[in-house]
1. Once label points are set 7 Å from the Cα along Cα→Cβ at both PHE110 and SER62, what is their separation, rounded to one decimal in nm?
2. For LYS45, which lysines qualify as cross-link partners when the Cα separation must be under 21 Å and same-chain residues fewer than eight apart are set aside?
3. Please say if segment 26-105 is rounded, prolate or oblate, where rounded means a/c under 1.5 for a ≥ b ≥ c the square roots of the C-alpha gyration tensor eigenvalues, and otherwise the choice is prolate for a/b larger than b/c and oblate otherwise?
4. Which of THR137, THR40, THR30 comes first, and how do the rest follow, when ranked by fewest Cβ neighbours within 10 Å?
5. Sort segment 120-180 into rounded, prolate or oblate with this rule: let a ≥ b ≥ c be the square roots of the eigenvalues of the Cα gyration tensor; rounded if a/c is under 1.5, and if a/c is not under 1.5, prolate when a/b is larger than b/c, oblate otherwise.
Amino acid sequence: MRRRFANYDHVGQWVMRQCQRSCRTGVGMTPEALALKKATHEMIKGCGGLDAAEPYARVGTSNLSDYYNPNKPNYFVPLDVVADLEPLARSREGWPHVTQALCRTMGGVFVALPDAPASGSDLLAMMSKLSGEFNDTTGAICAGFSDGKFCPIDAAKLERELDDVIRVAVGMRALARSIHGGER
């Protein structure tokens, strides 16, 4: 027992150091779990903060705070609370925050479907938009290789461009479906 405390003046310092080690932010959490915590925080900030979000959730500010606290590794926001709060955070960049993080965790992406019914001219406009997104993707690849190497920053830019291609393509698919009424 004496050896364990050899570098400390007294047992209290040893206990304090052990507490500091165990309270490091996000210790023992996977990157995906930390991403969910961060997304939850972004969602709550998008609602206007803890006090603004509380009236719309079935839980109080203390629980809402715990949901994004990386020092609470086993405490995550329930899906019904996400369903109540995410629509309120629509104006914050990255919306829908938690849904997007869950999709990434599962190896996918979230793409919102368009609300409006479509016509043939809408399809032509979407085709033009899709072509532009493909051009942006080509530009990101060429820019990435312009210095002779394609680095992680280049890959992140390409990923954002590809997400735009997917978003527009899914929107175009939804337009086609609305024209034919969902029949195959």
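1. 2.9
2. Partners within reach: LYS37, LYS72.
3. It comes out oblate by the Cα gyration axes.
4. On the way: THR137 17, THR40 24, THR30 11.
So the ranking, lowest neighbour count to highest, is THR30, THR137, THR40.
5. Judged from the Cα gyration tensor, segment 120-180 comes out prolate (a/c at least 1.5, a/b above b/c).
Any read-out appearing in this document is the output of simple, stated calculations on the displayed coordinates, not a laboratory observation. Since this is a predicted model, take the numbers as computed values, not measurements. Here Cβ is always computed from backbone atoms with ideal geometry, including for glycine, and neighbour counts include all displayed protein chains.
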